[in-house]
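This report concerns only the one structure given below.
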Amino acid sequence: MHAVSEQSPALIRLRDYRAPAWSVETIEMDVDLGIDASEISARLQLRRDPAQQAPLQLDGENLQLLSIRLDGEQLSASAYRYDGTVLEVDGVRDGSVLETRVRVRPAANTALEGLYLSGPHETGFLLTQCEAEGFRHITFFPDRPDVLSRYTVTLRADRERFPVLLAGGNPDGAGALEGGRHWARFVDPHPKPSYLFAVVAGRLERIERDYVTADGRAVKLNIWAEADAIDRCHYALDALERAMRWDEQVYGRNYDLDVFHVVATHDFNMGAMENKGLNIFNAKYLLADPDSTTDEEYRHIEAVVAHEYFHNWSGNRVTCRDWFQLSLK
């Protein structure tokens, strides 16, 4: 009988905080979605902190690296090192553009962190969870909350298997592709940390409502769920509108995108997640049936929907420097 050795987690102290040596001004992602394998191409516009001379190191776990280019040139194997946790790249300058393509395996991802499958293989849908360090399971990136970037995300998938394609940000085009496939693009004009990245794709139904903010922005509110649950989302939609109006009236904070999506899933590690423009909820905190839902359960739905919406400013637009500041959001 052999003793089992468990690796202790790395000790992180607040006093050891250092600003990132490299930041990402913009990230353009092209995500080719599949249940068993998805491929993610990412184009990072990099900025160096002039006070630091550290090499470029990007977080990345459970990623199969397919290609890597720096400033348009394919890199040789000697120009970078990937140990399964960190990708280090030589020759990067301020303003350089790094392009990577990786493969991930959503159906095999049972940690429910990064990109994973919710539900059965044949009928389930794909979604992401990135707080606190899930984005590194999707692509290479400085996966820390003090790196704020503007995201452009293009999703591609089989139309029959994934008729609904969602990502955070404003819709910026969609269309058909050859072979029964389609695409959709989303642009978030507001810099955000990687833990707020989100994607959802699959067979989902929605209820929707038009909303106009106090400063005159027309917003489409959508709640998405699988067909057998969508009729139980109406109370949550009412709660969302109440939360948005309250935030305007009490704090003068208006919603700042053209769409706001909420998605219900039964496979989620948390109660809910405030991803910018694309909240993802454990169905327990979203679904209500007038014939069986208790008053206490209605209060939970009201509270959690409002809580996640209020993060749009307190947590998303104004976010943590590091995870020691978690309580501030």
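The values are calculated or read from the model by the stated rules, or taken from the named source; none is laboratory data. Just so we're clear, the structure is a prediction, and the values are computed from it rather than from any experiment. Positions of Cβ are backbone-derived with ideal geometry, glycine not excepted, and every protein chain shown enters the neighbour counts.
Among the residues making up segment 182-212, those that are touching a residue at least 60 places away in the same chain (Cβ under 8 Å), of a type in the set (D, E, K, R) and buried (at least 17 other Cβ atoms within 10 Å of the Cβ) are Asp188, Lys192.
Counted as qualifying within segment 177-270 are the strands (runs of 3 or more DSSP E) with 1 or more residues that are touching a helix residue (DSSP H, G or I) at 6+ places or on another chain (Cβ under 6 Å) and either hydrophobic (A, V, I, L, M, F, W, C) or modelled with pLDDT of 95 or more (or both), namely 205-212, 218-225, 259-265.
Just name the residue that is nearest to Leu44 (Cα to Cα) out of those in segment 82-126 that are part of a strand (DSSP E or B) and among the hydroxyl-bearing types (Ser, Thr, Tyr). In this case the residue turns out to be Thr100. Determine, yes or no, whether Gln74 is touching a residue at least 24 places away in the same chain (Cβ under 8 Å) and not assigned by TED's automatic domain parsing to the domain that holds Met273. Considered against the rule, which asks whether it is touching a residue at least 24 places away in the same chain (Cβ under 8 Å) and not assigned by TED's automatic domain parsing to the domain that holds Met273, Gln74 comes out as no. For segment 104-125, residues that are out of contact with any Ser or Thr (no Cβ under 7 Å at 6 or more places or on another chain), surrounded by 14 or more Cβ atoms within 10 Å (Cβ to Cβ) and of a type outside the set (A, V, I, L, M, F, W, C) total 5.
Mind checking whether some residue in segment 126-143 is surrounded by fewer than 22 Cβ atoms within 10 Å (Cβ to Cβ) and either small (Gly, Ala, Ser) or not assigned by TED's automatic domain parsing to the domain that holds Leu44 (or both)? Looking for residues that are surrounded by fewer than 22 Cβ atoms within 10 Å (Cβ to Cβ) and either small (Gly, Ala, Ser) or not assigned by TED's automatic domain parsing to the domain that holds Leu44 (or both), one finds at least one in segment 126-143, hence yes.
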